[in-house]
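The values are calculated or read from the model by the stated rules, or taken from the named source; none is laboratory data. All of these numbers come straight from a predicted model, not from anything done at the bench. Cβ: placed from backbone, ideal geometry, glycine included. Neighbour counts: every protein chain shown.
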Amino acid sequence: MHRLPRVLLGLLLVLFGSVERASAGQATQGPSGHWVGSLEAGQTIGMEIDLATKNGGAWYGTISIPTQGTRGLPLSDVVVKGNTITFAIKGAPGDPGYSGTLSADGKTITGTFSQGGGSLPLTFERKGDAKFEVPQKSTPITKDLVGNWEGTLDVKGTMLRLALKLANGADGATGTIVSLDQGNIEIPIATITQDGSKVKLLITMISGTFDGELKGGELTGTWAQGPLNLPLVFKRAAK
């Protein structure tokens, strides 16, 4: 096995760089469930994946890395063929992916995590049913918030350019945020709420929040993630 590049240690740190036993009947569920494993890459990196099917059809899933503050990042290219499970993490540095085999008793998935030309063994253990978080419902937003915004976050001297997109959907506001200097991963905003000029964005996937106020055509506020609380101003993106 080849060691993974150092970029793995920052995997999915998008904005700065942090049991129950399965019953015998669960073997019939295939890989559906909540799985926990640890990757040894110079340090122990705990990973959790949740896998399920949509009405018994296509497979989908998420990955969380609690020590790095990453929660519920959607997996891409999830394929289950017999006892083989493969998935990718779209947009992350080094094109990370995983290929594993479900054990006969349905309790473990044993395989290989690869990234940037390197690979390491990674075994997941089933820890119950899949746990997909249901975010708080977003409110509609006013027209002066809808559209594309850009801002720069100063993280201990490292300048990170952010692109924010906000829109109104059928069930309230929707949006995404992208760190342009860290792989252009498009992170969905779980909850968007507006109360007058006050705006709050909750990005559960990376345990981040933005509390701001719309005034003078700018969205001025504070970005909070982990132990940091940083000033952040979004301005209308140039067309």
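So the values come out like this:
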quantity: Sole residue being among the small types (Gly, Ala, Ser), at pLDDT below 95 and in the same structural domain as ILE206 (by TED's automatic domain parsing), chosen from ALA170, ALA92, ALA163; calculated: ALA170
quantity: Subset of the stretch 116-150 (residues that are among the hydrophobic types (A, V, I, L, M, F, W, C) and outside any strand (DSSP E or B)); calculated: ALA130, PHE132, VAL134, ILE141, LEU145, VAL146
quantity: Complete set of residues in the stretch 99-115 that are of a type in the set (A, V, I, L, M, F, W, C) and part of a strand (DSSP E or B); calculated: LEU102, ILE109, PHE113
quantity: Matching residues, the stretch 151-206, being under 21 Å from the mean Cα position of the chain (by Cα) and part of a loop (DSSP other than H, G, I, E, B); calculated: LEU180, ASP181, GLN182, GLY183, ASN184, ILE185, ILE189, ALA190
quantity: Residues of the stretch 75-97 satisfying the condition of being of a type outside the set (A, V, I, L, M) and crowded, with 17+ Cβ neighbours inside 10 Å; calculated: PHE87, GLY91, PRO93, GLY94, PRO96, GLY97
